[in-house]
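The values are calculated or read from the model by the stated rules, or taken from the named source; none is laboratory data. The structure displayed is predicted, hence computed values, not measured ones. Cβ placement follows ideal geometry from the backbone for every residue including glycine, while neighbour counts extend to all protein chains displayed.
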Amino acid sequence: MSKKWKASDYASNSKGQAVWAQELIEKMELKGDESILDIGCGDGKITDALSQLTNGEVVGIDFSSDMVAYAKAAFSKPTFMQMDAQALSFHERFDVVFSNAALHWVKDHKAVLLGIYKALKPNGRAILQMGGEGNAQKVFEAFEQVKPQYADYFEGFTSPYTFHSDKTYEAILRDMGFKTHHASLVFKDMVHEGVKAFQGWLETTWFPFIECVPSDKRTAFMEAWIRAYCTICPLDDEGKVHVAMMRLQVELSK
């Protein structure tokens, strides 16, 4: 995961992720006494929402020290720690491990799953949702249209995202020791209120692409990228921008 997250920008431009997180939370059907680990807590608002639903310990971890500092300043009930999801250091501490819109930033998913297994108490469970195979495909297509004009700046660049399919993830899970495991791809329509909101989301969560371009050329690059996307996926009748997202949902029990 990158250390260059801007927490305040993420707090302003992560509406879609927050909606999906609430859907995941409802799916968990918490009883109110669980201890919970939130992997990739970001600005902390979802971790705080989890802490309002249980009397148990709630811990949020994130690779970004900026995110953790922001979360600590904004919310007092949960505990927040800077930690790499690939190197979790908990031992049978949590009833539930939760993660939303974070683990596609991670390369070594075996390491993550091993850490989750160790972090869970016996009979504990996990629910994870991340970008999956085919996620935001049209955004990538628009980028590829614009990229030739900026080719020099993307020499050697590789996407920071890892988008697994349900089949590749099931293959990873097979040897991890979980009592039950299930991975599935779920389609989501991410809706942005307008072009400005769409731009805010791009600037916040696609910054590894944007930062390749020199600062004096970024405005033109962003305008070209957005123009290309809106040509491929025109605005709806209300001027809203839709992004077809494919989420990988993983449910585990120990």
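Tabulated data for the structure shown
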quantity: Pair list, Cβ < 7 Å and 6+ apart or interchain, from region 144-166 residues that are of a type in the set (Phe, Trp, Tyr) to residues that are part of a helix (DSSP H, G or I); calculated: TYR150/PHE221; PHE154/LYS147; TYR161/HIS104; TYR161/TRP105; PHE163/HIS104
quantity: Matching residues in region 1-39 - criterion: being under 13 Å from the mean Cα position of the chain (by Cα) and either modelled with pLDDT of 95 or more or basic (Lys, Arg) (or both); calculated: LYS15, ASP38, ILE39
quantity: Residues located in region 105-124, provided they are surrounded by 21 or more Cβ atoms within 10 Å (Cβ to Cβ) and either in contact with a Pro (Cβ under 9 Å, 6 or more places away or on another chain) or touching a residue at least 60 places away in the same chain (Cβ under 8 Å) (or both); calculated: VAL106, HIS109, VAL112, LEU113, ILE116, ALA119, LEU120, GLY124
quantity: Unique residue being surrounded by 14 or more Cβ atoms within 10 Å (Cβ to Cβ), at pLDDT below 95 and over 16 Å from the mean Cα position of the chain (by Cα) when the list is VAL146, VAL195, VAL191; calculated: VAL191
quantity: Output for region 40-66, where each listed residue is polar (S, T, N, Q), at pLDDT below 95 and either out of contact with any Phe, Trp or Tyr (no Cβ under 7 Å at 6 or more places or on another chain) or within 12 Å of VAL96 (Cβ to Cβ) (or both); calculated: SER65
quantity: Failed item in (1) at pLDDT below 95; (2) surrounded by fewer than 16 Cβ atoms within 10 Å (Cβ to Cβ), with LYS179 passing the rest; calculated: (1)
quantity: Looking only at region 227-243, and only at residues there that are of a type in the set (A, V, I, L, M) and out of contact with any helix residue (DSSP H, G or I) (no Cβ under 6 Å at 6 or more places or on another chain), the one that is farthest from ILE127 (Cα to Cα); calculated: LEU235
quantity: Residue in region 204-224 that is among the β-branched types (Val, Ile, Thr), surrounded by 15 or more Cβ atoms within 10 Å (Cβ to Cβ), part of a helix (DSSP H, G or I) and out of contact with any Leu (no Cβ under 9 Å at 6 or more places or on another chain) present; calculated: yes
quantity: In region 154-166, the residues that are exposed (fewer than 15 other Cβ atoms within 10 Å of the Cβ) and either within 21 Å of TRP105 (Cβ to Cβ) or among the aromatic types (Phe, Trp, Tyr) (or both); calculated: PHE154, GLY156, PHE157, THR158, SER159
quantity: Among residues of region 56-92, those that are within 20 Å of the chain's Cα centre (by Cα), surrounded by fewer than 20 Cβ atoms within 10 Å (Cβ to Cβ) and acidic (Asp, Glu), counted; calculated: 2
